[in-house]
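As structure tokens, the structure follows; a few thoughts come after it.
Laboratory data are not the source of any read-out in this text; all were calculated from the coordinates shown. Model, not experiment: these values are computed from the prediction. As a convention, Cβ positions derive from the backbone with ideal geometry for all residues, glycine included, and neighbour counts pool all protein chains shown.
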Number of protein chains: 2
Amino acid sequence: MDDPQSEMPRAPDSRDKILEVAEGLFAYGGYAGVGMRQLASMVGLSKSSLFHHFPTKLDLYASVLDRVLSRIEAGLDGARPRTDSPEARLTAWIDAAVQTLSEDVPAGRLMMRALVDEEPFPALELKPGPGSGREPMSFEVRLARILGRFEGLLASGIEQGVFRPVSIGDTILSVIGSIILHFASGDLGEILIGEPIFSGAAVERRRRELSEFIQRGLLA
Amino acid sequence: MDDPQSEMPRAPDSRDKILEVAEGLFAYGGYAGVGMRQLASMVGLSKSSLFHHFPTKLDLYASVLDRVLSRIEAGLDGARPRTDSPEARLTAWIDAAVQTLSEDVPAGRLMMRALVDEEPFPALELKPGPGSGREPMSFEVRLARILGRFEGLLASGIEQGVFRPVSIGDTILSVIGSIILHFASGDLGEILIGEPIFSGAAVERRRRELSEFIQRGLLA
DNA sequence: GTCTATACACCGATAGAC
DNA sequence: GTCTATCGGTGTATAGAC
């Protein structure tokens, strides 16, 4: 943002290190379940230093959400299908989502928590509109963009008659839920599928299963 | 449990009232996000009285989970399909799940949190086995039963060639995720579908959409 | 930018009167 | 079964030295 020639990853400074450790903690314990003392000791700084980099805990949490959403957005945008058919685009989107979440252990849990929580954030006012009174936060803009692109994919597929005329909102919730819960389910997921959910074999099977399941569910 | 002739719902005593209020609070704020003081004031008791009924906050939380799971289990078991075909059983199961969650606002959120959290509970040791050292809690037994029945439904459908030979564990996670996220998504869900997620129209459409989506995803 | 020291509200939990 | 009073600890956040 404020580094004019930043394309390459910089050497991690204290701020980055705080964000990284906080991400794991928030994913594991949720917003209210993490204390600044605990975080400070794991980062190796004093508690006061945390408040130098982030004025409040809520600011820190918003930055963590923005960081993980930016990685997810980059992962989804990097996937280019071979053709522009809705099926190919849908498959590429699912593959990219699974791939991205599989390489980013805290991401699934963090996202699921953010989607379910109304607190500490009033649930992502995606379209604040003129009279809402509040400006959207950075991570809200990112989430709106991600969901908007998927919505566009579904709409064009339906328009072309490739997908069934499903309810787009319902379908977004169904697809997101089926993709994310797996990577957010921890021990329960491991028990259900019989191996670690982030193992190579489990991820590759997940990709195939989800692709088949969702394609069949949507195709006309 | 300790009322020999209890078939009818009793008049709600303090314990029931605590559980009911706590359920809403835990669903909204998660385990760590709720304080016993806040709960006590909302119930209309002193904090100490809470500890008379439940020795620790964790015991209270376990009781809340058990209570909501018992309602879900009852809702799922009450649905009897007209025939014993796997398609009919699956449809009946989905209808019952949607119906139950739609009539029980805190349930979806509470369940989603319980599935994602490893803390405060070490994630539902569904099959503790002989050497696990720990006895399963009441709500774990209930969840294992619910998931086990759905697993049996899928297995018999696959065996009869009605369903595709999907990975059962993956499919359970996909189906559960797509069903629950909708009812746990709060404001975000409302924005996505354009109306309150618990409104009659939204619930009825949800039932149809999920039924179609999942049936098509699974049928051979 | 990092530290020590501190402020003060709230945390879960207990003791003991009624 | 409910209450008041209290415990030690932790919550976020700030002041001010270096």
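Brief remarks follow.
- Relative contact order %, chain B, counting alpha carbon pairs below 8 Å whose residues are six or more apart: 20 percent
- P(r) histogram, all alpha-carbon pairs of chain B included - 10 Å bins from 0, percent: 7, 29, 33, 22, 7, 1
- Between the stretch A:133-194 and the stretch B:163-216, the alpha-carbon center distance in angstrom: 11 Å
- Computed over the Cα atoms of the protein assembly as shown, pair by distinct pair, the Kirkwood hydrodynamic radius stands at 23.1 angstrom.
- Averaged over the residues of B:26-35, the number of partner chain Cβ atoms lying within 10 Å of the residue Cβ comes to 4.
- Sum of side-chain charges, B:Ser46 neighbourhood, beta-carbon under 14 Å (Lys, Arg +1; Asp, Glu -1): +3
- With a 10 Å cut-off around each Cβ of B:206-215, the average count of Cβ atoms from other chains is 5.
- Percent of Cα pairs exceeding the 18 Å cut-off, where the set is the stretch A:38-121: 58 percent
- In nm, spacing of pseudo-spin labels at B:Arg71 and A:Ser14 (7 Å Cα→C-beta vector): 4.8 nm
- In the stretch A:22-85, the ratio of gyration radius to Kirkwood radius, Rg to Rh, stands at 1.19 when only Cα atoms are counted.
- For chain B, the membrane-span-like helix rule (DSSP H, alpha carbon extent of at least 20 Å along the helix axis, mean Kyte-Doolittle at least 1.0) picks out B:168-184; this says nothing about an actual membrane.
- Relative packing of A:28-40, B:90-102, which averages over residues the other C-beta atoms within 10 Å, highest first: B:90-102, A:28-40
- Chain B: most fluctuating residue of B:Ala144, B:Ala184, B:Ala11 per GNM, C-alpha cutoff 10 Å: B:Ala11
- 10 Å-binned pair-distance histogram of the stretch A:139-220 (Cα, whole percent): 16, 41, 30, 13, 0
- Over chain A: helical MRE at 222 nm, DSSP H runs n ≥ 4 each giving -39500 (n - 2.57), nearest 500: -22000 deg cm²/dmol
- When A:Arg10 is represented by a point 7 angstrom out along its Cα-to-C-beta vector, the spacings to that point in the other copies are 6.3 nm, nearest first.
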